[in-house]
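Everything below concerns the one structure shown next.
The values are calculated or read from the model by the stated rules, or taken from the named source; none is laboratory data. Quantities reported herein were computed from a predicted structural model and do not represent experimental measurements. Reconstructed Cβ throughout: ideal geometry from the backbone, glycine too, with neighbour counts over all protein chains shown. Side chains are part of the model used for accessible areas, which takes the heavy atoms of the whole protein and leaves out ligands, DNA and RNA. Shrake-Rupley method; radii C 1.70, N 1.55, O 1.52, S 1.80 Å.
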Amino acid sequence: MRKKMRIGSSKDLKNETLNSLGLISAASDWRGAGEQSDTDDAFRLKALHQLMRTAEDHDADALLDVNYTEEILPRAEYPGAAPLKRICATAVAVKLKSA
């Protein structure tokens, strides 16, 4: 059974007793760098879902301070090919003492 993952900042969980499991990261799929930016939200959500799965694999109850970055992969081996990009998400996975 899947438990509910809490997401927030360290300020949001200030009354909780936390045990940090460490910094984790995950990413969305690669896509063409020229695709419209309105798809960034969908890829940010994909990266977050991957991050949540990774956190669950480490038995985390919450993710703190989620940060998103964009990674660009040039394709020099294929002249004229558009570069690829993906959204990467990082956060601190924590175990809550009260959970």
Subject >> Residue satisfying all of: in segment 80-95; crowded, with 17+ Cβ neighbours inside 10 Å and not hydrophobic (A, V, I, L, M, F, W, C); modelled with the highest pLDDT among these >> reply: THR90
Subject >> Yes/no for ASP12 being out of contact with any Cys (no Cβ under 9 Å at 6 or more places or on another chain) and either of a type in the set (A, V, I, L, M, F, W, C) or modelled with pLDDT of 80 or more (or both) >> reply: no
Original post:
Of all the residues that make up segment 16-40, how many are open to solvent by 70 Å² or more (accessible area, probe 1.4 Å), over 29 Å from ALA60 (Cα atoms) and at pLDDT 85 or above?
Top reply: 0
Original post:
Taking LEU48, is it under 22 Å from LEU18 (Cβ atoms), out of contact with any Ser or Thr (no Cβ under 7 Å at 6 or more places or on another chain) and open to solvent by less than 40 Å² (accessible area, probe 1.4 Å)?
Top reply: yes
Original post:
Within the set of pairs 6+ apart or on separate chains, which have a first residue in segment 57-84 that is in a loop (DSSP other than H, G, I, E, B), a second that is modelled with pLDDT under 90 and open to solvent by 80 Å² or more (accessible area, probe 1.4 Å), and C-beta atoms under 6 Å apart?
Top reply: ASP61/ALA99; PRO83/PRO74
